[in-house]
């Protein structure tokens, strides 16, 4: 299943880079390594990849700068792998557009599972490609774009998928477990706040365009489109 998949590893620690290469090779993925943010950008511009594994503390361009530059023109899935364990660090990179965050030291099985989830998610195409509208919000699955009150709403892959799920079932309350398992199609491994951060990002972006509420928290259950 993974034979044609290529993943870019951007990690300046050669031992960790080699370990990630071994893990990916075992599950049939071709890894390509870069050892600085600058080298990573050059690789991404010159070659085609299905996913990026990204350290944050890199020589040259930092991981955070890498995410911001890539998100200006690409929606490629990015999993951050970092020794930074603070919640603020995680929230910051998810807001910038990272799709997932793994803290060091990591376990081989966690890398395998999260990589598989992102690859599976990016390979799934919406079954109904026509545009969907709810109030002033319109989603265009074929273009992977969103407008709100006829203005572009810039969203990441994960944010787009959450909105598509919500607009496909308006006024249905989804738990974080449901959101994770329906979108990422993997087993929910507990509340790590990733879903909450993506929801917070969406609310912030919506608030920049309109004061109307679109995503409501249903206490004790989760979130819904209103």
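The values are calculated or read from the model by the stated rules, or taken from the named source; none is laboratory data. The model shown is predicted, which means the values in this text are computed figures rather than measured ones. When we count neighbours, we look across all protein chains shown, and the Cβ atoms used for this are built from the backbone with ideal geometry, even at glycine.
Output the residues belonging to the range 173-197 that are within 22 Å of residue 211 (Cα to Cα) and at pLDDT 90 or above. Of everything in the range 173-197, just one residue is within 22 Å of residue 211 (Cα to Cα) and at pLDDT 90 or above, namely 173. When both residues are 6+ apart or on different chains and their Cβ atoms are under 6 Å apart, which pairs have a first residue that lies in the range 50-67 and is in the same structural domain as residue 31 (by TED's automatic domain parsing), and a second that is surrounded by fewer than 16 Cβ atoms within 10 Å (Cβ to Cβ)? Taking only residues 6 or more apart or on different chains, the pairs are 50/6. The set of residues in the range 128-171 that are closer than 16 Å to residue 182 by Cα and under 14 Å from the mean Cα position of the chain (by Cα) comprises 157, 158, 159, 160, 161, 162, 163. Among the residues making up the range 22-37, those that are under 21 Å from the mean Cα position of the chain (by Cα), in a helix (DSSP H, G or I) and either under 21 Å from residue 121 (Cα atoms) or free of Cβ contacts under 8 Å to residues at least 24 places away in the same chain (or both) are 23, 24.
Of all positions in the range 131-141, at least one carries a residue that is touching a strand residue (DSSP E or B) at 6+ places or on another chain (Cβ under 6 Å), farther than 15 Å from residue 156 by Cβ and free of Cβ contacts under 8 Å to residues at least 24 places away in the same chain. Of everything listed in (1) farther than 16 Å from residue 137 by Cβ; (2) surrounded by fewer than 16 Cβ atoms within 10 Å (Cβ to Cβ); (3) modelled with pLDDT under 90, the single unmet condition for residue 200 is (3). The number of residues in the range 1-21 that are closer than 24 Å to residue 85 by Cα and outside any loop (DSSP other than H, G, I, E, B) comes to 12.
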